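Here is the structure we will look at.
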Amino acid sequence: MLYDVKDQIKSLDESERLARRGSLSRHVLGLIEQYLDSEAMSTQHVLPKSNLGQAAAYVRRHWKALTRFVDDASIPIDNNDCEQLMKRVAVGRKNWLFKGSLAAGERAANLQTIVVSAVRNDLDVAAYLDDVLRRALAGETDWATLTPHAWKAEHPESIRVYRQDERRQAADRKKKRRARRRLGK
């Protein structure tokens, strides 16, 4: 229900989003809090060491932090974007364990930063890397023109439109799923 509210208000300006969060999200949070304090969640019905008991205890312990987004429109409801960025680092960590040297590890980290920046800007990674590395090796020092967003403006042929389409289609599927869930189907 909280994510449904998020979807409904994401296109609004900050003050309207904050007002809607204050009414709609706070109502949903009230329902959650009411359920956590209900007889169904008492220690007579839910064992404290069970998965549900541990989850409920976690929510109770972190309630203030979990509800902070309601009072500030600039705070997202979750940190999924950040988690997705860190996923590459976590997956690669074991691969980099035996890189050979500290300097090699730093070079690999720098290269990964460049690649991920290109991906986030919907660029053809191979074309971007080839051009940027050639220009850097040739002695170009105007780093601002080599950043992904600046390079994207100079090379519109290297923009991968299909990535934007995939994100839009995934967002549409999620929107439909949530709409069906709201209708109880």
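The values are calculated or read from the model by the stated rules, or taken from the named source; none is laboratory data. Quantities reported herein were computed from a predicted structural model and do not represent experimental measurements. Reconstructed Cβ throughout: ideal geometry from the backbone, glycine too, with neighbour counts over all protein chains shown.
Data for the structure
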| read-out | value |
| --- | --- |
| Qualifying residue in region 12-22 (condition: modelled with pLDDT of 85 or more, surrounded by 13 or more Cβ atoms within 10 Å (Cβ to Cβ) and assigned to a loop (DSSP other than H, G, I, E, B)) | yes |
| Residue tally, condition among the β-branched types (Val, Ile, Thr) and modelled with pLDDT of 90 or more, over region 62-77 | 2 |
| ALA103 vs. criteria in the same structural domain as ASP130 (by TED's automatic domain parsing), assigned to a helix (DSSP H, G or I) and loosely packed, with under 10 Cβ neighbours inside 10 Å | yes |
| Scan of region 45-84 for residues that are farther than 27 Å from GLY22 by Cβ and surrounded by fewer than 11 Cβ atoms within 10 Å (Cβ to Cβ), ordered by number | PRO48, LYS49, SER50, ASN51, GLN84 |
| Inter-residue pairs, beta-carbon under 8 Å, first closer than 18 Å to ILE114 by Cβ and in region 77-90, second in a helix (DSSP H, G or I) and of a type in the set (S, T, N, Q), 6+ apart | ARG88/GLN112; VAL89/GLN112 |
| Matching residues, region 135-173, being of a type in the set (A, V, I, L, M), within 18 Å of VAL119 (Cβ to Cβ) and free of Cβ contacts under 8 Å to residues at least 24 places away in the same chain | LEU146, ALA150, ALA153, ALA170, ALA171 |
| Any hit, region 91-108, residues being touching a helix residue (DSSP H, G or I) at 6+ places or on another chain (Cβ under 6 Å), at pLDDT below 90, over 30 Å from MET1 (Cα atoms) and not aromatic (Phe, Trp, Tyr) | yes |
| Positions within region 23-45 being among the β-branched types (Val, Ile, Thr), more than 14 Å from ILE77 (Cβ to Cβ) and part of a helix (DSSP H, G or I), in sequence order | none |
| Check on ARG135, out of contact with any helix residue (DSSP H, G or I) (no Cβ under 7 Å at 6 or more places or on another chain) and of a type in the set (D, E, K, R) | no |
| Counted residues, region 68-114 - those being within 21 Å of HIS149 (Cβ to Cβ), β-branched (Val, Ile, Thr) and touching a Lys or Arg at 6+ places or on another chain (Cβ under 9 Å) | 0 |
| Index of the failed condition, ALA138 passing every other in (1) farther than 29 Å from GLN8 by Cα; (2) surrounded by fewer than 10 Cβ atoms within 10 Å (Cβ to Cβ); (3) modelled with pLDDT under 90 | (3) |
| Inter-residue pairs, beta-carbon under 8 Å, first under 16 Å from ASN79 (Cβ atoms) and in region 46-67, second among the small types (Gly, Ala, Ser) and in a helix (DSSP H, G or I), 6+ apart | none |
| Hey, GLY92 surrounded by 13 or more Cβ atoms within 10 Å (Cβ to Cβ), assigned by TED's automatic domain parsing to the domain that holds LEU111 and part of a helix (DSSP H, G or I) or not | yes |
